[in-house]
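Participant: First, the structure itself, so that you have it in front of you.
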Amino acid sequence: MNAAALLHLLQFASPALPIGGYSYSQGLEAALEQGLVRDAASARDWIARQLDEVVARWDAPLLWRLLRAFAAGDAVGIRGWADCFLASRDTAELRAETVQMGYSLARLVEELGVADTAALGPDVSLPLAYACAVDGLGIPHEEALLAMLFSWAENQVLVCVKSVPLGQVAGQRLLLSLRPDIERAAALARTLHDDDLSNWAPGLSMLSMRHEVQHGRLYRS
């Protein structure tokens with residue numbers, strides 16, 4: 001990857017990107033409330049299992065398909081996979097999360113002159129806006145996928161650092177230990193066939209619904 005593409009990737013995968021990623025825990029705060037995550041070991045188990053059972057088998061493969069559809073100029077494919085991702089958000093919080101972050105990223109991409117996002121339509125999901133930015137900036141797809149997975153894992157770790165709580169060093173140790181899990185997730189996402197995609201995680205869905213009425217929340221999902 002050339003320097004320009006790498007710098008673009010670092011910018012758009014950064015937690016400092018103003019799209020509100022820090023506001024969401026994707027059910028993790030509810031798991032903390034229920035005592036399912038309580039220390040560094042249980043935090044790692046939670047993140048690694050969600051990465052393998054949900055993100056690597058649904059979110060990441062759909063992003064991979066969106067990246068390929070953008071590269072091929074396949075408008076039907078882009079719309080089909082974008083709609084599929086939105087339909088898979090099975091709680092109000094998870095749908096609101098991806099739409100809010102997708103809207104913010106699409107607006108940022110438009111204002112920075114990276115790409116024309118008008119054709120993306122309403123209710124832009126985060127993967128759709130991210131794939132649009134990757135295509136506009138000429139970022140290689142494998143690196144873009146890895147960056148998305150790392151960004152997701154980093155946000156989960158930051159939730160644990162603030163809410164378990166874990167120390168900063170423990171958080172970085174946890175993130176470092178997830179490297180092989182992230183690599184496996186990326187490899188799986190690139191090779192899964194359409195019929196093998198799945199986001200079946202009823203426990204996570206239940207936690208997300210409980211979070212909607214949880215008192216004293218720090219996060220929006």
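The values are calculated or read from the model by the stated rules, or taken from the named source; none is laboratory data. The structure presented is a predicted model; accordingly, all values stated were derived computationally and were not measured. Here the Cβ is made from the backbone with ideal geometry for all residues, glycine too, and neighbour counts use every protein chain on show.
Participant: Output the residues belonging to the range 109-149 that are of a type in the set (D, E) and part of a helix (DSSP H, G or I). So that I can check it myself, show each step before the final result.
Facilitator: Taking the range 109-149 as the starting set, the residues that turn out to be of a type in the set (D, E) are 110-111, 116, 123, 135, 142-143.
Listed by number, the residues that qualify are E110, E111, D135, E142, E143.
Participant: OK, next. Could you tell me whether any residue of the range 83-100 is buried (at least 24 other Cβ atoms within 10 Å of the Cβ), part of a helix (DSSP H, G or I), modelled with pLDDT of 95 or more and over 14 Å from the mean Cα position of the chain (by Cα)?
Facilitator: no
Participant: A further question follows. Out of P61, P18, report the one residue that is of a type outside the set (K, R), modelled with pLDDT under 95 and more than 19 Å from Q172 (Cα to Cα). Even if it seems obvious, please write down each step before you answer.
Facilitator: Numbers: P61 fails: modelled with pLDDT under 95.
Going through P61, P18 in turn, just one is of a type outside the set (K, R), modelled with pLDDT under 95 and more than 19 Å from Q172 (Cα to Cα): P18.
Participant: Specify which of the listed residues (G80, G73) is surrounded by fewer than 22 Cβ atoms within 10 Å (Cβ to Cβ) and at positive phi.
Facilitator: Working: G80 fails: at positive phi.
Checking each option against the conditions leaves just G73.
Participant: Every residue in the range 147-162 that is touching a Phe, Trp or Tyr at 6+ places or on another chain (Cβ under 9 Å) and under 15 Å from L176 (Cβ atoms), please.
Facilitator: Scanning the range 147-162 gives Q156, L158, C160.
Participant: Hey, can you tell me all the residues within the range 167-209 that are touching a residue at least 60 places away in the same chain (Cβ under 8 Å) and within 14 Å of L28 (Cα to Cα)?
Facilitator: If the condition is that a residue be touching a residue at least 60 places away in the same chain (Cβ under 8 Å) and within 14 Å of L28 (Cα to Cα), then A201, L204, S205, L207, S208, M209 are the ones that fit.
Participant: Failed condition for I19, given (1) outside any loop (DSSP other than H, G, I, E, B); (2) crowded, with 16+ Cβ neighbours inside 10 Å, with all others met?
Facilitator: (1)
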